[in-house]
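Peer 1: Have a look at this one before I ask anything.
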Amino acid sequence: MPKALTPRSGGNRRSRPAQRSDLPRDVMDELQRVTKPTQLRDAVSRLSRAVELLDRGDSGAAVAEATKAKQLSSRSGAVREVLGLALYGQGRWQDA
């Protein structure tokens, strides 16, 4: 006799609460508007990490994270601004 179907532990993935972020509310709203829903979580985490790295003074790693965030959310002004600041911190004036 086949096993009865029972829900797996962990619940439905769609019912998870949104990821908490240290980004300002207006930036989060913008990211939600211009980013595909499937890529939102990754874009938010990449942008948060880039901002954190900039605060620490590591502009090289911030460029890498902000570039990945831009690939996920290319229409976001906040992402482009953080990328520009990181590039400026590396002395890449033309790219910034």
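Peer 1: Could you check segment 33-60 and list, in sequence order, the residues that are open to solvent by less than 40 Å² (accessible area, probe 1.4 Å) and among the polar types (S, T, N, Q)?
Peer 2: Hits for segment 33-60 are T35, S48, S59.
Peer 1: Among all residue pairs at least 6 apart or on different chains, which show Cβ distances below 7 Å where the first residue, located in segment 23-44, is within 15 Å of A69 (Cβ to Cβ) and the second is open to solvent by 60 Å² or more (accessible area, probe 1.4 Å) and of a type in the set (D, E, K, R)?
Peer 2: Hits for this filter: V34/R75.
Peer 1: Please go through segment 47-96 and pick out each residue that is over 22 Å from R25 (Cβ atoms) and not in a helix (DSSP H, G or I).
Peer 2: Selection gives G57, D58, Q90, G91, R92, W93, Q94, D95, A96.
The values are calculated or read from the model by the stated rules, or taken from the named source; none is laboratory data. As the structure is a prediction and not an experimental result, all values here were calculated from the model. Every residue, glycine as well, gets a Cβ built from its backbone with ideal geometry; the counts of neighbours run over all protein chains shown. Just the protein is used for accessible areas: all its heavy atoms, side chains included, with ligands, DNA and RNA removed. Shrake-Rupley method; radii C 1.70, N 1.55, O 1.52, S 1.80 Å.
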